[in-house]
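Just so it is clear, none of the values below were taken in a lab; they were calculated from the coordinates. Keep in mind that this is a model prediction, so the values were computed, not measured. Cβ sites come from the backbone with ideal geometry, for glycine too, and all protein chains shown count toward neighbours.
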Amino acid sequence: MTASAAHTVSWEEGDQKPANPMAMSKTRRWLIVVIVSSGSLCVACTSSLYASAQENLQIEFGCSRQVATLGLSLFVFGLGLGPMILAPLSEFYGRRPIYVYSFSLFVVWLLPCALAQNMSTMLVGRFFDGFAGSAFLSVAGGTVSDLFSGHELSAPMMVYTAAPFLGPEIGPLVGGFINQYCPWRWSFYFLLIWGGIELVLILVFVPETYHPILLCQKARRIRLETGDDRWKAPMEPDPKRIAHAVLDSCKRPFQLLIFEPMCLNLCILSAILLGILYLFFGAFPLIFSTSHNFTLSQSGLSFLGLLVGMIFGIISDPIWRNNYQRLVRRRNDDSDEVDSRADPEFRLVPSIVGSIVIPVAIFGFGWTSYSSIHWIVPIIFSSFFGFGIILVYSAIFTFLVECYPMYAASALAANSFVRSSFAAAFPLFGYQLYQGIGFQWATSVLAFLALAMSPFPYIFYVFGKRLRKNSRFSAK
């Protein structure tokens with residue numbers, strides 16, 4: 001419903017505090033960013049910490065390695081499925097209710113995992129835990145943009161963006177020590193304690209920040225105070241459209257994957273990389289325990305290479321941002337039109353570099369995994385894989401948002417679904433692959449997969465503008 005201009009509520013001078021999120025003190029805004037980022041880190045860490053407990057689960061429940069691995073796969077699949085169904089609800093109810101209910105359910109579903117007496121209970125708990133946690137991940141980025149204007153957004157968004165990337169590497173690092181010195185259930189007790197603290201912080205310190213919902217609350221308050229029902233917010237959510245919004249959220253990502261070759265191929269590239277990353281959660285302990293006699297905690301520490309590489313990838317962001325601005329200036333100098341955004345293809349430059357680094361890093365990791373070569377060498381190569389994966393992901397995410405501005409949420413949901421599907425599937429065949437053809441050739445198979453997809457960022461950088469002209473979804 002659109003209100004007439006005379007009776008449309010907005011943020012006005014003198015009424016900005018405390019209702020307008022951007023008018024909060026910088027300390028409070030940063031506190032909210034830290035809380036939602038650490039909550040995202042908790043969810044992401046939960047996905048991979050499980051991998052360190054797999055062998056103990058096999059022993060206690062008498063299940064096969066494949067069945068135990070399903071606990072990792074189902075959680076990740078829930079992470080990919082949840083946003084398409086749950087994310088649209090924030091448009092109708094706001095961000096805070098999604099945080100409170102989804103994170104509460106996330107903590108609740110950790111309980112059957114911690115107390116499971118059979119593998120079936122564990123698998124059901126893991127899927128619904130991932131599904132509940134996904135809603136938090138899908139909404140948290142919006143909160144950061146609610147709190148900061150464009151010129152302030154870079155630093156807080158970098159902090160938030162780091163959490164989902166670093167969490168999967170921190171999981172096995174922490175889990176290795178827990179499962180070496182404590183019963184496996186302490187993996188989930190640790191997550192319950194962490195998740196419980198996060199939930200309390202969310203309840204106490206994270207208010208509603210979604211501007212349309214806040215303006216609706218303001219309009220409702222004015223209507224009650226004045227008795228004038230003409231006062232409306234610019235966007236009044238219609239509860240009758242909830243089912244339609246959820247249906248669109250499920251349908252449009254698949255339309256983009258079917259009809260948009262750029263979206264499809266970039267999603268497949270990022271999906272293969274995440275699949276390889278999650279396969280490594282089983283491969284690293286196998287390689288380092290076999291070739292270098294690593295203990296469980298030492299195998300967890302082997303993920304430090306990936307973690308350090310990703311951190312370097314994240315802090316390299318200003319370099320790529322400066323390069324983007326240089327490309328925009330050069331384009332404007334060569335053209336009569338001045339456009340500060342320029343072509344979405346300019347965002348793909350980091351992914352071109354990353355897609356070159358990644359196959360080299362994977363090949364290097366595989367062929368230095370002999371017991372005769374010092375263990376630090378493959379870990380160094382793994383850091384380049386972590387560095388490259390950040391460059392590819394950050395570039396693809398930004399490109400999808402700018403290439404499909406009207407359908408950005410759907411493009412990211414498509415990417416999330418494909419990525420999570422691959423990340424769920426790859427660990428299921430990883431152990432057999434490494435045992436069947438050996439560490440070196442198994443890793444080479446993964447490198448060849450990454451190599452096969454590596455030309456696409458450059459292809460779309462060169463030909464993307466031409467492809468967008470024939471697209472019914474992308475910005476022309």
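Given R₀ = 25 Å, what would the calculated FRET efficiency be for residue 181 paired with residue 315, taking r from the Cβ atoms and rounding to 0.05?
Values: r = 33 Å, r/R0 = 1.31.
Working from the Cβ atoms, E equals 0.15.
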- [ ] Report the calculated FRET efficiency for residue 243 and residue 293 (r = Cβ-Cβ distance, R0 = 56 Å), to the nearest 0.05.
- [x] 0.50
- [ ] In whole Hz, with x marking every Gly and Pro, tabulate ³J(HN,Hα) for region 88-102 from phi via Karplus 6.51 cos²θ - 1.76 cosθ + 1.60, θ = phi - 60°.
- [x] x, 5, 5, 5, 9, 10, x, 7, 4, x, 5, 4, 5, 6, 5
Task: the chain: angle of helix 304-315 to the longest principal axis, Cα-based, in degrees nearest 10 - done: 30 degrees
Task: the chain: C-alpha gyration tensor shape, a/c 1.5 cut-off, then a/b vs b/c - done: oblate
- [ ] Could you pull out the longest piece of the chain with no exposed loop chymotrypsin sites (Phe, Trp or Tyr not before Pro) in it, calling a site exposed if DSSP puts it outside H, G, I, E, B and it has at most 15 other Cβ atoms within 10 Å?
- [x] 12-369
- [ ] List the relative contact order of the chain as a percent without decimals, with contacts defined as Cα pairs under 8 Å and 6+ residues apart.
- [x] 21 percent
Open item on the list: Excluding same-chain pairs closer than 8 in sequence, count the lysine pairs in the chain whose Cα atoms lie under 24 Å apart.
Closed with: 11
Open item on the list: Give me the percent relative contact order of region 14-229, please, defined on Cα pairs under 8 angstrom at least 6 residues apart.
Closed with: 36 percent
Task: Estimated 222 nm signal from helices in the chain, with DSSP H stretches of n ≥ 4 weighted -39500 (n - 2.57), rounded to 500 - done: -26500 deg cm²/dmol
Task: In Hz, Karplus ³J(HN,Hα) per residue of region 60-76 (6.51, -1.76, 1.60; θ = phi - 60°; x = Gly, Pro) - done: 6, 9, x, 10, 6, 4, 5, 5, 4, 5, 4, x, 6, 5, 5, 4, 5
Task: Distance between modelled label sites at residue 470 and residue 448, nm, 7 Å Cα→Cβ extension - done: 3.1 nm
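Shape call for region 301-430 from the C-alpha gyration tensor, a ≥ b ≥ c root eigenvalues: rounded (a/c under 1.5), prolate (a/b greater than b/c) or oblate?
oblate
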Task: Where labels lie 7 Å past Cα in the beta-carbon direction, separation of residue 408 and residue 370 in nm - done: 5.0 nm
TODO: Report the full-extension gain for the segment residue 334 to residue 104: residue separation times 0.36 nm, less the Cα-Cα distance, to one decimal in nm.
DONE: 77.4 nm
